[in-house]
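Read the structure below first, then the notes.
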């Protein structure tokens, strides 16, 4: 949305009502901005055009149904209702479910169905809700799962996509998910390299630097519950994921044959350029979406050998484009380093 559209959105009675509901719940201005409209706007502006490009050849998005695992406050869920035929959303957090239900009532989101379930029941229920041509949405959620939960979720969805025994034409969209391989952390600690450290090293570093974002919260968890509590709290806040999670959960499948939308994000920031350069130079043969700090991509299990070959060829084309962009950007980075050195 353009600035004028955002101003128009803020002027809508439904948005004004929802903002007051958020204030009543103790949200500050930054939280209100994100939950009320900014995340929804970002999805439409940055991600929706690419998703439509990936899905429209077989079936228009408006004819597809979405199953969202971990909808949170429903900011992006709202955007899904404006793009797809129906959205079935699952959430484990009671306060988040209440927020989504308020949003549904205030905005009249008739195509949104919300389920509040305990963690162990979410994925089986999500698979039961899926239909041919549907999309599993994993938006800003995988990084908040424990490792065991993440493997179980991805493995179950992969099996549901089996071309012989699964549900036809299913996709998985992974969105706005931090990359644990990136040196820059803008998600959790906002301190370079910290999410890459093992738990004890990270804890001791936070003790030396207590002003680090979320350090007080995590150190309090350690005081109250010891090492296990610290590790769990840190994982829940988000330590990112990487291509390794998907290779494991997908039983060693070639990711170049199942990532059908690897190029939503481009290496625009220096930290993305440097990580992509390492992937390219080291010959790490995975789709280039896994070289971005903020990962966004679409998964579709290949239906046959020809399908797999087409997807692999597309990923090779994207890799070539990234290589040219990275080469140009590296020259600029080198000049910057020379000037500051």
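Below is a table of values for the structure above.
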| read-out | value |
| --- | --- |
| Residues satisfying the stated conditions in region 208-227, i.e. surrounded by 13 or more Cβ atoms within 10 Å (Cβ to Cβ) and more than 16 Å from residue 195 (Cα to Cα) | 220, 221, 222, 225 |
| Scope region 23-52; condition over 17 Å from residue 81 (Cα atoms), in a helix (DSSP H, G or I) and more than 16 Å from the chain's Cα centre (by Cα); matching residues | 23, 24, 29, 30, 31, 32, 33 |
| Residue satisfying condition, being touching a strand residue (DSSP E or B) at 6+ places or on another chain (Cβ under 8 Å) and either surrounded by 20 or more Cβ atoms within 10 Å (Cβ to Cβ) or not in a helix (DSSP H, G or I) (or both), within set 273, 260 | 260 |
| Search result, residues across region 212-244 that are under 20 Å from the mean Cα position of the chain (by Cα), at positive phi and assigned to a helix (DSSP H, G or I) | none |
| Every pair of residues 6+ apart whose Cβ atoms lie under 6 Å, when the first sits in region 297-320 and is without any contact (Cβ under 8 Å) to a residue 60 or more places away in the chain while the second is in a strand (DSSP E or B) and surrounded by 20 or more Cβ atoms within 10 Å (Cβ to Cβ) | 311/260 |
| Qualifying residue in region 286-306 (condition: outside any loop (DSSP other than H, G, I, E, B), at pLDDT 95 or above and surrounded by fewer than 17 Cβ atoms within 10 Å (Cβ to Cβ)) | yes |
| Residue, nearest to the chain's Cα centre (by Cα), within region 65-80, restricted to residues that are surrounded by fewer than 23 Cβ atoms within 10 Å (Cβ to Cβ) and farther than 22 Å from residue 237 by Cβ | 79 |
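The values are calculated or read from the model by the stated rules, or taken from the named source; none is laboratory data. This structure is a prediction, so every number in the text was calculated from the model and none was measured. With ideal geometry, Cβ positions are generated from the backbone for all residues, glycine too; neighbour counts draw on all protein chains shown.
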